[in-house]
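J.: Shown below is the structure under consideration.
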Amino acid sequence: MIHFVGAGPGALDLITLRGWRLLQQADAIVYAGSLVNPELLQYARSGCELHNSAEMTLDEVIAVLVRVHRAGGVAVRLHTGDPAIYGAIREQFDRLRAAGVPFTVCPGVSSLFAAAAALEAEYTLPEVSQSLIVTRMTGRTAMPTQESIAAFATHGTTMVIFLSAGMCQAVQAELLTGGYAADTPAAIVYKASWPDERVCRCTVGTLAECAAREGIDHLALLLVGHFLGEDYALSKLYDPTFSTAFRQGKQE
């Protein structure tokens, strides 16, 4: 059996309990060495094969997974954060299905949530932002034409930008072109939840300057929107006049 496991954002105790148990059971672990905290591998049992997929091709990854399964073993494919976000997992699923190899998926804590925790922020503030756009800058992996950052910026809502810390000048230009004001709150969170985590608060207009000053050009999320500001409305859920299925509101 093959288990795709979300490693979480980096902190050793932010992997799920299910993921931790699967690591302990594995005969082989293929881990995304470019992003996964290598200290998580201490959960592997003695004798477990360890393979760093940063040094492997898709064919090589699949070959290990299929070999271990056909030998009657358990393999874990360890992805950073939650594998559903920029995990390149669909192509692995399809290869395994074609080979008749069963697999499961164990979700993980995405770095976008670890970044919010580091900022002590809520993405969905009442009357400020009730939507979240998760995206990236175009690079060697092209973006669909309708999914440019400038196009998304026209919505003016909360945005979390992955895999783009090395292109902050271009990100800033796209955000401004799309309609964010230069004074819109923004932040850069480097290695969210890791011991060397750093949080840099700025604005859309100073995003590139902030990244350059802090020397951040990789392993960081860019966060944009008024959810980082001071103004918001209180939730209706806990309003004493608001009725829910569990509580009758009291009229003032």
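J.: If we count every other residue with Cβ under 14 angstrom of F103's Cβ, Lys/Arg +1 and Asp/Glu -1, where does the sum land?
T.: Once positives and negatives cancel, what remains is +3.
J.: Using the Cα atoms as the points, what is the convex hull volume per residue of the stretch 2-106 in Å³?
T.: Each residue corresponds to 86 Å³ of Cα convex hull volume.
J.: Which order, highest average first, do 57-64, 31-38, 165-172 follow once you tally other Cβ atoms within 10 Å for each residue and take the mean per peptide?
T.: Ranking, from highest mean packing down: 165-172, 31-38, 57-64.
J.: When the Kirkwood hydrodynamic radius is evaluated over all pairs of different C-alpha atoms of the stretch 31-180, what value in angstrom, to one decimal, is obtained?
T.: Over the stretch 31-180, the inverse of the mean reciprocal pair distance is 18.0 Å.
J.: In the chain, which whole DSSP H runs stretch at least 27 Å along their own axis (Cα) and average 0.5 or higher on the Kyte-Doolittle scale?
T.: none
J.: For the chain, report the convex hull volume of the alpha-carbon atoms normalised per residue, in Å³, without decimals.
T.: 166
J.: May I pose another question? Go from 0 up to the bin containing the longest alpha carbon distance in the stretch 120-244, width 10 Å each, and give me the % of pairs per bin.
T.: 13, 43, 30, 10, 4, 0
J.: Between L50 and K236, what is 0.36 nm times their sequence separation minus the Cα-Cα distance? Round to one decimal in nm.
T.: Once the chain is fully extended between L50 and K236, it gains 62.0 nm.
No lab work stands behind these numbers, since they all come straight from the coordinates. A quick note: this is a predicted structure, and the numbers were derived from the prediction, not measured. Backbone-built Cβ (ideal geometry, glycine too); neighbour counts: all protein chains shown.
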